[in-house]
Amino acid sequence: KAGVTQTPRYLIKTRGQQVTLSCSPISGHRSVSWYQQTPGQGLQFLFEYFSETQRNKGNFPGRFSGRQFSNSRSEMNVSTLELGDSALYLCASSAIAGGYNEQFFGPGTRLTVL
Amino acid sequence: SQELEQSPQSLIVQEGKNLTINCTSSKTLYGLYWYKQKYGEGLIFLMMLQKGGEEKSHEKITAKLDEKKQQSSLHITASQPSHAGIYLCSWWWGAQKLVFGQGTRLTINP
């Protein structure tokens with residue numbers, strides 16, 4: 001079974017631009033969660049989607065948004081990029097939402113904002 | 001304040017030595033995940049603990065959950081270079097929010 005895939009793996013943008021990251025979950029998994037990892041803040045929860053619906057959202061500004069498609073693939077969008085958005089963005093999939101289920105993580109997308 | 005606190009934040013040990021990493025929760029722990037991350041890469045699931053007193057082992061890594069102390073410990077026996085990386089504990093804070101400790105960076109010196 002293929003694991004969680006994320007594209008692109010690396011991305012360089014400039015301040016003010018917007019960016020879209022993609023995550024393909026493990027086949028059959030319907031829940032996708034997104035996390036931001038920075039040296040200062042560690043791993044922080046962004047949001048979770050299940051069956052195309054956002055079920056929970058972390059404490060991030062509205063510039064961070066996401067969506068999930070009918071095939072469970074998910075995209076995350078960040079508008080008006082700031083230097084502080086430079087981070088490793090990880091997505092994770094699980095068979096069902098929340099509830100102590102194991103999450104399988106992708107390799108991440110390294111975003112650098114210049 | 002951090003919901004899950006890990007200690008130490010970094011650890012350098014000689015190859016072959018044993019080591020322990022702790023994860024302390026600010027509230028009752030009903031379970032815990034341990035993950036390992038190579039720098040700049042995704043997380044690798046190590047194990048999940050779900051009951052107080054539960055202890056699990058995988059190869060040379062053993063983890064235990066002490067519900068009363070609101071703490072979990074991860075112990076590596078006879079460390080090897082392949083054990084190097086960042087170890088993260090995490091658990092559900094609310095139904096759909098997975099919270100992580102700040103991580104423990106482990107370096108193994110040959």
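The values are calculated or read from the model by the stated rules, or taken from the named source; none is laboratory data. Every value quoted in this text rests on a predicted model; they were computed, and no experiment measured them. Glycine gets a Cβ as well: all are built from the backbone with ideal geometry, and neighbour counts include every protein chain shown. In case anyone asks, the SASA skips ligands and DNA or RNA and just uses the protein heavy atoms, side chains included. Shrake-Rupley method; radii C 1.70, N 1.55, O 1.52, S 1.80 Å.
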- prompt: In square nanometres, what is one fourth of the surface area of the convex hull spanned by the alpha carbons of chain B?
  reply: 6.6 nm²
message: Rg/Rh for the protein assembly as shown to two decimals, with Rh computed the Kirkwood way over all alpha-carbon pairs.
response: 0.97
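Arrange the residues B:GLU5, A:GLU48, A:GLU75 by how much accessible surface each exposes, largest first, with a 1.4 angstrom probe.
Per-residue accessible area, sorted high to low, gives B:GLU5, A:GLU75, A:GLU48.
Show B:ASP66, A:ASP85 ordered by accessible area, largest first, where the area counts protein heavy atoms only and the probe is 1.4 Å.
B:ASP66, A:ASP85
Pop out the carbon and sulfur fraction of the accessible area of segment B:64-110 as a percent, whole number, probe 1.4 Å. It would help to have the intermediate numbers written out before the result.
Working: 950 of 1900 Å².
That fraction is 50 percent.
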query: Taking θ as phi - 60°, what are the ³J(HN,Hα) couplings along segment B:71-81 by the Karplus curve (6.51, -1.76, 1.60), each to the nearest whole Hz, with x for Gly and Pro?
result: 9, 10, 10, 10, 10, 10, 9, 6, 4, 10, x
- request: Express the carbon and sulfur contribution to the solvent-accessible surface of chain A as a percent, rounded to the nearest whole number, probe 1.4 angstrom.
  value: 48 percent
- line: With all protein chains present, segment B:14-61 has a carbon and sulfur share of its accessible area (1.4 Å probe) in percent of 45 percent
- request: Please report the relative contact order for chain B, taking Cα pairs under 8 Å with a sequence separation of at least 6, and give it as a percent rounded to a whole number.
  value: 36 percent
message: Let me cross-check A:THR53: its accessible surface, 1.4 Å probe, with only protein heavy atoms counted, in Å² to the nearest 10?
response: 80 Å²
statement: Evaluated at 20 °C and 1.002 mPa s, the Stokes-Einstein D of segment A:33-101 based on the Kirkwood radius over Cα pairs, in µm²/s, stands at 169 µm²/s
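Once the Cα gyration tensor of segment B:1-62 is found, what semi-axes does its equivalent ellipsoid get, as square roots of 5 times the eigenvalues, in whole Å, sorted largest first?
In descending order, the three semi-axes are 20, 16, 14 Å.
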message: Residue by residue through segment A:32-38, what is 3J(HN,Hα) from phi via Karplus (6.51 cos²θ - 1.76 cosθ + 1.60, θ = phi - 60°)? Round to whole Hz and write x for glycine and proline.
response: 10, 10, 10, 9, 10, 10, 10
message: Show me you know the interface measure: the accessible area buried between A and B, both chains summed, probe 1.4 Å, in Å² to the nearest 100.
response: 1700 Å²
- request: Could I have the simple spin-label model distance between B:LYS69 and B:TRP93, label points 7 Å from Cα toward Cβ, reported in nm to one decimal?
  value: 2.2 nm
statement: Percent relative contact order for chain A, counting Cα pairs under 8 Å at least six residues apart, stands at 36 percent
- prompt: From the phi of every residue in segment B:30-43, what ³J(HN,Hα) in whole Hz does the Karplus formula 6.51 cos²θ - 1.76 cosθ + 1.60 yield, where θ is phi - 60° and glycine or proline is x?
  reply: 9, x, 7, 10, 10, 10, 10, 10, 7, 3, x, 10, x, 8
task: For chain B, report the accessible area per residue in Å² (1.4 Å probe, heavy atoms, rounded to an integer).
output: 49 Å²
In segment B:15-65, GluC sites (Glu not before Pro) in a DSSP loop with at most 10 other beta-carbon atoms within 10 Å: none
message: Could you report chain A's accessible area per residue, 1.4 Å probe, as an integer in Å²?
response: 46 Å²
message: Which trypsin sites (Lys or Arg not before Pro) in segment A:34-114 sit in a loop by DSSP (not H, G, I, E or B) and have at most 11 other Cβ atoms within 10 Å of their own Cβ?
response: none
